[in-house]
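To start, the structure under review is shown below, and the notes come after it.
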Amino acid sequence: MKINEFTREEVFNNLVTSPAGLDSDEAKRRLAEFGPNAIRRTHRRPLALRFLEQFTHFLALLLWLAAGLAFLSEYLNPAEGMLTLGLAIIGVIVINAVFTFVQEYRAEKALEALKRMLPFRVTALRNNSELQIPAEEVVPGDVIRLSEGDKVPADIRLIEASGLRVNNSALTGESEPVGRRTDPVPGDPINSTNIAFAGTAVVSGSGTGVAYATGMRSEFGRIAQLTGSVSPGLSPLQKEIARVTRVVAAIAVVMGVVFFAGGHFTGRPFWQNFLFAVGIIVANVPEGLLPTVTLALAMGSQRMAKRNALIRTLTAVETLGSVTVICTDKTGTLTQNRMAVAKLWVDEELVEPSAPVGSETHRLLFTAAGLCNNARFVDGEYRGDPTETALLRASREALGGLDAKRFYEVPFDAERKMMSTMNALQHGTVVLAKGALERVLPLCTSIMDNGRSEPLSAERRDDITHAYHVLMDMGLRVLAFACRPVTGDAAADAAAEDIEHNLVFLGLMGLQDPPRPEVPAAIAKCRQAGVRIVMITGDATRTAVAIARQIGLATERPVAIDGQTFSLLNDRELKQKLGERELLFTRMTPKHKLRVVSMLKQQGEVVAVTGDGVNDAPALKRADIGIAMGLSGTDVAKEAADMVLLDDNFATIVNAMEEGRTVYENIKKFITYIFASNIPEIVPYLAYIIFRIPLPLTIMQILAVDLGTDMLPALALGSERPTPGVMQQPPRKPTDRLITLGLMARAYLFLGPIEALACMFGFFWVLRGGGWDWGRDISSLDPLYLQATTACLTAIIVTQIANVFACRSLRESIFTIGITNNRLVFLGISVEILLQLFIVYHPVGNAIFSTAPLPAGTWLVLAPFAVLLLAAEETRKYLLRRTSPA
């Protein structure tokens, strides 16, 4: 027989377990036997293969070609130094491969570490006690509790189900939720209604089952084993970097060919022209750009995690800087999610929840709050939805613990906005209901007043509605409660699935959830950053408006649209409403939220949306940035989201947006820094071919800059803190290019020429000081020539030290942001100086890079160019701030 054909007792017997669950020792033994409950990645590329791939991409093939030509020229024309050049280019390929591999590996490990910060936990029975355990520790025979929003951790044979419906789309592709039951079912388990499969989601209701297949033995694991794993592609930003790198490399090749031809026509020897062409190519190719960007994104993700924003994809980091609208929930995000019953309306008067229980109505109100409820009090703590735990706490404090058998449940539904149960009380079976007043009140035909049931007249309906408005104007979330005695066969009544009729109205409970103290400042920061905030809540309009005013979201007369009105709006009308400055949507369902997000995206907005329920998943996926709640969110919502708030705090979204903008800005900073040094590397070659002077900079010295001294300062720029004006600028358009004409002009036409002037000055200063005359040839081994090229290289290093400070901001003065507040910059500069001292003064450095020691006076002559670069850049930033305020 198959597991789906077993009775409840046979399930326990075959899996050698019991309704009390496994004991701890047996669970450990089974974990050792069956292994972790995890889907192993199949067909993962070995590290060695991934390392070898770094030698075969476009740039590497380009450099392999150059190295091959160098070796060929050494064979055909020995003693021209081409062997050294060929070996140097291979060194570049190897260094670049190692650097890229290490950076990508670090970025991958960083993302894996972030994922481990959000463990997938499940509720299991062990030793007859409910425990929260990691999903990886679930073993066959574990008794698992399931509730709305849970992700099913293993293949489970259900033994209890109350309105349980699951979404099997992860397994079957069918998006419609399907009901689950507990009776034995013949046939294939995959089609059985008493099985909840690993990886599927609980849409509504609750249930209990016994795990029978875990990890790769589950249906989900078998499919994963057949299909293998799909590696994620590059993010849009990484694709753009790769594209720019190829374009720059192609330009370099064209320049090399053009100047090779130019040298040929001006009578230069072939090998000199070849050397020149290779130098142009090596000087232009940004070898380490893509891995540096990848690492910067990963580092940004880690910094966001420290600020309680867990990024699930690198793409989200770059998108955060473009967000123009945030659609946010109220409860738990704008408020503290510390629900507590603050007021009661019972027996037609407002009372405190701590007041003595004075009537039968009062007692039944607390009874309904405690039993029409799926929260639980386990091991001295309340577990469940914050609203339901607040109701259960109030009920227990008023009446003590309640124990009543539940016959039936009509689970809460976002569309119905109410929940009902049928329970056995001492005086008989009763239907208990709670929910939104507009849902519960129409189902009531009478009202309980001081323990007596009386007809519900129109006047009394008006009194209830007035009390409801009074509580909402206090900023309270208000729930209505009702009951109905059940006569006859309770099971038959439940089976009819129509228990919500002829209800007796009991009263109202107002729950308070105070706003988070940091939210008003975060909302003000959003306004400064040009980001609109739209509240989308299931609460009533008056409650939402009261909270909006408290947190500064509503400063004038906000436009509030409830779910009923929203349903009547056509697309044109909705578009008009979405243009309002202060906008609140109330009594909304997840379906409504999805429509708002879709319409905003159609209008060209970049939308971030928050959600915590299983039904929020479509809106989270539809948004540009889906944001799930880490504390109160369901597993399904977290799976659908791009970002998870570890503290459920709206201010964390704003912090993450600031960090996203900063990451993008920092990438621009180090690209400017890297590109600026290309000009002083290219100009010496242009001067060499055009003016027939000795070559001021060798290829090995170029490589010393690109793959040696520049690397750590560039990475340090990737860790810059947010600049003061980053959240006072409008959001970046998604169509904006990372590498713009402005960036290229700043690097190639402003900073680069100053560095080129410095390096050429240093070269000629040493040559002229040593007695060299224009037009006279000089040997490449002459000590004067070696000193001159060393001065050229040193000038680039000195001005790049100034450049790293210049590039720390795009428009703010270095004296405004602070010179000493990025320690990594000073670490990078220290390493840069030590490397240069090694190259200039150590015999090994002299031999490798064809350099010679410089007198101290040469350094002093070059230092003013660093000051010139900083002064010129400060002047440019000052003029930019004056002519183009942020």
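The values are calculated or read from the model by the stated rules, or taken from the named source; none is laboratory data. Predicted model, so just to flag it, every value in this text is computed and none were measured. Counting neighbours? That spans all protein chains shown, and the Cβs are built from the backbone with ideal geometry, glycine included. Note: areas computed on protein heavy atoms with side chains; ligands, DNA, RNA excluded. Shrake-Rupley method; radii C 1.70, N 1.55, O 1.52, S 1.80 Å.
How many percent of the alpha carbon pairs in segment 655-800 exceed a separation of 26 Å? Kindly include the intermediate steps, with their values, before the conclusion.
Details: 3894 of 10585 pairs.
The proportion of pairs with Cα distances above 26 Å equals 37 percent.
Going by average Cβ density within 10 Å per residue, which order do the peptides 726-737, 252-263, 296-307 take, highest to lowest?
Working: 726-737: 14.5, 252-263: 17.2, 296-307: 21.0.
Output ranking for 726-737, 252-263, 296-307: 296-307, 252-263, 726-737.
Estimate the FRET efficiency between Leu83 and Thr313 by the formula 1/(1 + (r/R0)^6), using the beta-carbon distance for r and 45 Å for R0, to the nearest 0.05. Walk me through the numbers before you get to the answer.
Working: r = 47 Å, r/R0 = 1.04.
Efficiency for this residue pair is about 0.45.
For segment 340-512, report the accessible area per residue in Å² (1.4 Å probe, heavy atoms, rounded to an integer). The partial results should precede the final answer.
Working: 7500 Å² over 173 residues.
Counting only protein heavy atoms, the per-residue value for segment 340-512 is 43 Å².
At Ala250 and Glu556, where each label point lies 7 Å from the Cα along Cα→Cβ, what is the point-to-point distance in nanometres?
Label-label distance for Ala250 and Glu556, simple model: 5.0 nm.
Just to be sure I understand the curve: with the Debye formula and one point per C-alpha of the chain, what is log10 I(q)/I(0) at q = 0.08 Å⁻¹?
The computed values of log10 I(q)/I(0) come out as -0.84.
Please give the peptides 2-8, 587-593, 211-217 ranked by average Cβ packing (other Cβ atoms within 10 Å per residue), highest first, as a rough proxy for protection. The partial results should precede the final answer.
Values: 2-8: 16.9, 587-593: 20.7, 211-217: 22.7.
Order by mean packing, descending: 211-217, 587-593, 2-8.
What is the projected area of the convex hull of the Cα atoms of segment 394-433, averaged over all directions, in nm²? Mind dumping the intermediate values first?
Values: hull surface 13.5 nm².
Orientation-averaged projected area of the Cα hull: 3.4 nm².
Ratio to report: Rg/Rh of segment 315-402, with Cα atoms as the point set and Rh obtained by the Kirkwood method; give two decimals. Before the final figure, lay out each step's value.
Values: Rg = 18.2 Å, Rh = 15.3 Å.
Result for segment 315-402 is an Rg/Rh of 1.19.
Calculate I(q)/I(0) for segment 340-512 by the Debye formula, one identical point scatterer on each C-alpha and no solvent, and give its log10 at q = 0.12 Å⁻¹ to two decimals.
Per q value, in the given order, log10 I(q)/I(0) is -0.49.
Students sometimes get this wrong: rank Asp624, Asp616 by accessible area, probe 1.4 Å, all chains present, largest first.
Descending accessible area places them as Asp624, Asp616.
Can you give the calculated 222 nm mean residue ellipticity of the chain, where each DSSP H run of n ≥ 4 adds -39,500 (n - 2.57) and the sum is split over every residue, rounded to the nearest 500 deg cm²/dmol?
Numbers: 34 runs with 432 residues, N = 886.
Roughly -15500 deg cm²/dmol at 222 nm, from the helical runs in the chain.
Restricting things to alpha carbons, tell me how big segment 474-617 is in terms of Rg and Dmax, in Å.
Expressed in Å, the Cα Rg and Dmax of segment 474-617 come to 19.2, 64.
Which order do peptides 269-275, 545-551, 147-153 fall in by mean Cβ count within 10 Å, highest first?
Numbers: 269-275: 18.1, 545-551: 20.3, 147-153: 24.3.
Per-residue mean Cβ counts within 10 Å order the peptides as 147-153, 545-551, 269-275.
R0 = 60 Å: FRET efficiency of Leu879 with Ser129, Cβ-based, nearest 0.05?
Details: r = 70 Å, r/R0 = 1.17.
Step by step, r from the Cβ atoms, then E = 0.30.
Using the membrane-span-like helix rule (whole DSSP H runs, Cα extent along the own axis of at least 24 Å, mean Kyte-Doolittle hydropathy at least 0.0), which helices of the chain qualify? Display every interim value, and only then the final one.
Details: long enough: 58-76 (27 Å, 1.91); 82-116 (51 Å, 0.93); 236-265 (43 Å, 1.16); 289-306 (26 Å, 0.69); 650-676 (39 Å, 0.27); 752-769 (25 Å, 1.17); 783-806 (34 Å, 1.31); 823-841 (27 Å, 1.93); 856-883 (41 Å, 0.58).
Span-like helices in the chain: 58-76, 82-116, 236-265, 289-306, 650-676, 752-769, 783-806, 823-841, 856-883.
What value in Å³ per residue do you get for the convex hull of the alpha-carbon atoms in segment 359-457? Don't jump to the answer; show the numbers that get you there.
Numbers: hull volume 10.6 nm³, N = 99.
Each residue corresponds to 107 Å³ of Cα convex hull volume.
With a cut-off of 8 Å between alpha carbons and a minimum separation of six or more residues, what is the relative contact order of the chain in percent?
On the way: 1648 pairs, mean separation 97.5, N = 886.
The value is 11 percent.
Between the DSSP loop rule and a limit of at most 13 other Cβ atoms within 10 Å, which trypsin sites (Lys or Arg not before Pro) in segment 383-474 are left?
Numbers: sites: Arg383, Arg393, Arg396, Lys405, Arg406, Arg416, Lys417, Lys434, Arg439, Arg452, Arg460, Arg461; in loops: Lys405, Arg416, Lys417.
For trypsin sites (Lys or Arg not before Pro) across segment 383-474 that sit outside H, G, I, E and B with at most 13 neighbouring Cβ atoms in 10 Å, the list reads Lys405.
Identify the trypsin sites (Lys or Arg not before Pro) of segment 764-816 meeting these criteria: DSSP loop state and at most 14 other C-beta atoms within 10 Å of the C-beta. Don't skip to the end; give the middle numbers.
Numbers: sites: Arg768, Arg776, Arg808, Arg811; in loops: Arg776, Arg808, Arg811.
Of the trypsin sites (Lys or Arg not before Pro), the ones in loops of segment 764-816 whose Cβ has at most 14 other Cβ atoms within 10 Å are Arg776.
Would you mind telling me the share, in percent, of accessible area of the chain contributed by carbon and sulfur at probe 1.4 angstrom?
Details: 21520 of 37250 Å².
Using a 1.4 Å probe with all protein chains present, the chain comes out at 58 percent carbon and sulfur.
Give me the accessible area per residue for segment 709-761, probe 1.4 Å, as a whole number in Å². Spell out each step's value before the answer.
Values: 2280 Å² over 53 residues.
Accessible area per residue: 43 Å².
Points 7 angstrom from Cα along the Cβ direction at Arg145 and Gln302: gap in nanometres?
So the label points at Arg145 and Gln302 sit 3.8 nm apart.
Would you mind listing how long segment 777-886 runs along its three principal axes, going by Cα atoms, in whole Å with the largest first?
54, 32, 20
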